[in-house]
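Supplied in structure tokens, the structure appears directly below.
The values are calculated or read from the model by the stated rules, or taken from the named source; none is laboratory data. Computed from a predicted model, the values in this text were never measured in an experiment. Virtual Cβ from ideal backbone geometry, glycine too; neighbours counted across all protein chains shown.
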């Protein structure tokens, strides 16, 4: 998805109508403001943006046919008939208005993954809004900041694994790295059938399977891995010219796959993690979980045709592939990447700027255990509770909040916090992998965005099977 920097059109405001009504999920009952189940009064979220938008977009969610390879087609759910959905690109600080029209036969929403929007715009059904009914339209309006690589997706059930996703790019006004050309690289897992939990009779259209791989988890029966909606037999091509600095914005939009990414013939300089700028670090590969993003820059100094490869670390599908091709290439097949020897580690990441409000000792600490539910049912829990029958995590405005996670399961959990960035080590992120087998990760964030925010595993099947809590602001 190559893009050049260019001005964006301005259209008239599509007025947001209808106050959000919060559902009666266990642990989330009541309306804002009000009194929660613990006797504390909930804090009113900050107001949504009411000025004229700089950019207005219409997205229609509907069923259609995708063709990820010349001889392969299936019915998918899409935005605007595209898979992935249209790239939304705005300047940092611009107000974006998105009309979501639901032409599906099911309720839906859009979540703006990683963007700290006002709570009513966050797109979590029965927590921040009523889901959008079939035939209805809902308008999301928010200020697009900070700059970064994000994506948008449905937050209803397993709809993400039916194709309801697309990239959201918020361009810097003053980038801290130089580049001549850029591509957005959306990596995904390909499920041609309707997604299902094991407890509902299987994983995906073909029942359980898909390979447990090194992580030992049950995954859907994926029929392939995708880059920008295309299977490896029909890979997208990224053209470059010798001497260019090329920025690649990687998005792991998968529902249940951890990817290892390499590019043949080129070192990668990591410049951003989850959209936030970091001190540049040179690597030959990186691993990222569902919901994570990395921006890298490559120096186009090695003419030829080269494979960009994304391997599933928790599955046995053939790797997703794209082709990096120099303008001077002679048409030969792409060379494959060599084995990784300098893989990015979380400890390599150093944020350019610090996160306000998280210095010193925390005002509030939660110690949480991530684990598989007891018994034979397919359940994933936080501290033994499966969402929605789970206690909220109550915090107060202005607090420095710390969450310490211990993973008692054998599989990794990419944990995502809505509405906030957090500090993990020396990096600032919104999603972080908690390793399996008693792996531990500590995150710190500043309670500066009142409302009800979902905190959950971004493995879609773990989330749908209960691995989530609501972070609730009270006073």
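Just to be sure, is residue 109 more than 18 Å from the chain's Cα centre (by Cα), buried (at least 18 other Cβ atoms within 10 Å of the Cβ) and modelled with pLDDT of 95 or more?
When the stated conditions are applied, residue 109 does not pass them.
Another question about this same structure. How many residues are surrounded by 22 or more Cβ atoms within 10 Å (Cβ to Cβ) and either within 24 Å of residue 258 (Cα to Cα) or assigned by TED's automatic domain parsing to the domain that holds residue 278 (or both) when one looks only at segment 435-465?
Here the count works out to 13.
Is at least one residue of segment 287-303 part of a loop (DSSP other than H, G, I, E, B), over 23 Å from residue 184 (Cβ atoms) and either touching a helix residue (DSSP H, G or I) at 6+ places or on another chain (Cβ under 6 Å) or assigned by TED's automatic domain parsing to the domain that holds residue 259 (or both)?
For segment 287-303, residues part of a loop (DSSP other than H, G, I, E, B), over 23 Å from residue 184 (Cβ atoms) and either touching a helix residue (DSSP H, G or I) at 6+ places or on another chain (Cβ under 6 Å) or assigned by TED's automatic domain parsing to the domain that holds residue 259 (or both): present.
Residues that are in contact with a helix residue (DSSP H, G or I) (Cβ under 7 Å, 6 or more places away or on another chain), assigned to a loop (DSSP other than H, G, I, E, B), more than 21 Å from residue 44 (Cβ to Cβ) and at pLDDT 95 or above: does segment 155-164 have at least one?
yes
So, one more: Testing residue 137 on (1) farther than 25 Å from residue 54 by Cα; (2) in contact with a strand residue (DSSP E or B) (Cβ under 7 Å, 6 or more places away or on another chain), one condition comes back false. Which one is that?
(1)
Test of understanding: among 391, 448, which residue is touching a strand residue (DSSP E or B) at 6+ places or on another chain (Cβ under 7 Å), touching a residue at least 24 places away in the same chain (Cβ under 8 Å), under 25 Å from residue 126 (Cβ atoms) and not in a strand (DSSP E or B)?
Matching residue, one of 391, 448: 391.
Oh, and also: So residue 77 ticks every box in (1) within 24 Å of residue 414 (Cβ to Cβ); (2) part of a loop (DSSP other than H, G, I, E, B) but one. Which box is left unticked?
(2)
Here's another thing I want to ask about it. Tell me yes or no: at least one residue of segment 418-430 is on the phi < 0 side of the Ramachandran plot, touching a helix residue (DSSP H, G or I) at 6+ places or on another chain (Cβ under 6 Å), modelled with pLDDT of 95 or more and not in a loop (DSSP other than H, G, I, E, B).
For segment 418-430, residues on the phi < 0 side of the Ramachandran plot, touching a helix residue (DSSP H, G or I) at 6+ places or on another chain (Cβ under 6 Å), modelled with pLDDT of 95 or more and not in a loop (DSSP other than H, G, I, E, B): absent.
Considering (1) within 30 Å of residue 280 (Cα to Cα); (2) touching a helix residue (DSSP H, G or I) at 6+ places or on another chain (Cβ under 8 Å), say which one residue 323 fails and leave the rest.
Condition (2) is where residue 323 drops out.
Looking at (1) in a strand (DSSP E or B); (2) surrounded by fewer than 11 Cβ atoms within 10 Å (Cβ to Cβ), find the lone condition where residue 368 falls short.
(2)
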